[in-house]
Amino acid sequence: MELESRPNRESRLTASLTGCLLRSGEYPTSSSYPAHLINRGKVEQRTTSLTQGVPALPVADQADMDISDPAYDFVRSIRVYQTEFHQHPGHDGNCSRSSTVRLGTYGQQGDYRWNRSSTGLLPPASKFSQPDDCGYYDFRSVFVDWHDFAGAYGFEEVRY
């Protein structure tokens, strides 16, 4: 019996946001894909009315295509927050808290990068809320938000 491997929710969401379809077991060949998508699946390009007529210009020493045209503003609007927050009462009566927040964004030429961020900079749509008291609290999530080509705000948060 052979089991079918399916892309997880994060890869489907990322693929739908970038106009591509990821399939398990097949691999991308372009170096322009963000590191979190490499080896996740083959990318099948689709022509849409949004990008139709917008030339893809090669850019030396950067991503394989130029997405600086305003038609690609929706790609550059994608933000990915990876959040880990832990809190517990300390032995000395103090509250012990630790957090790590990374913000992933697309640059003008389609390059993807991670930068440090903080829980205070998470979008209001995130379910993260630091408790007022110092009980045991753990919060881990990947939060993605964007503005689509019409300017409407969208987001998805997956806790793990």
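Every read-out reported here was derived from the displayed coordinates using simple, explicitly stated rules and does not represent laboratory data. Model, not experiment: these values are computed from the prediction. As a convention, Cβ positions derive from the backbone with ideal geometry for all residues, glycine included, and neighbour counts pool all protein chains shown.
Taking a Cβ cut-off of under 11 Å around Ser98, the surrounding Lys, Arg, Asp and Glu residues balance to a net charge of -1, with basic ones at +1 and acidic ones at -1.
Here the Karplus curve 6.51 cos²θ - 1.76 cosθ + 1.60, taken at θ = phi - 60°, turns the phi angles of the range 150-160 into couplings of 8, x, 6, 7, x, 7, 8, 10, 10, 8, 9 Hz, with x standing for Gly and Pro. Computed over the range 119-160, the Cα gyration tensor eigenvalues convert (square root of 5λ each) into semi-axes of 26, 11, 6 Å, ordered from largest to smallest.
Volume per residue of the convex hull around the Cα atoms, evaluated for the range 78-160, comes out as 97 Å³. Computed extension length for Asp133-Arg102: 8.7 nm, one decimal, from 0.36 nm per residue of separation with the Cα-Cα distance subtracted. Taking Lys and Arg as +1 and Asp and Glu as -1, the other residues whose beta-carbon sits under 14 Å from that of Arg113 total +3.
Counted residue by residue at 0.36 nm each, then reduced by the alpha carbon distance between them, the extension gain from Asp148 to Asp69 reaches 27.0 nm.
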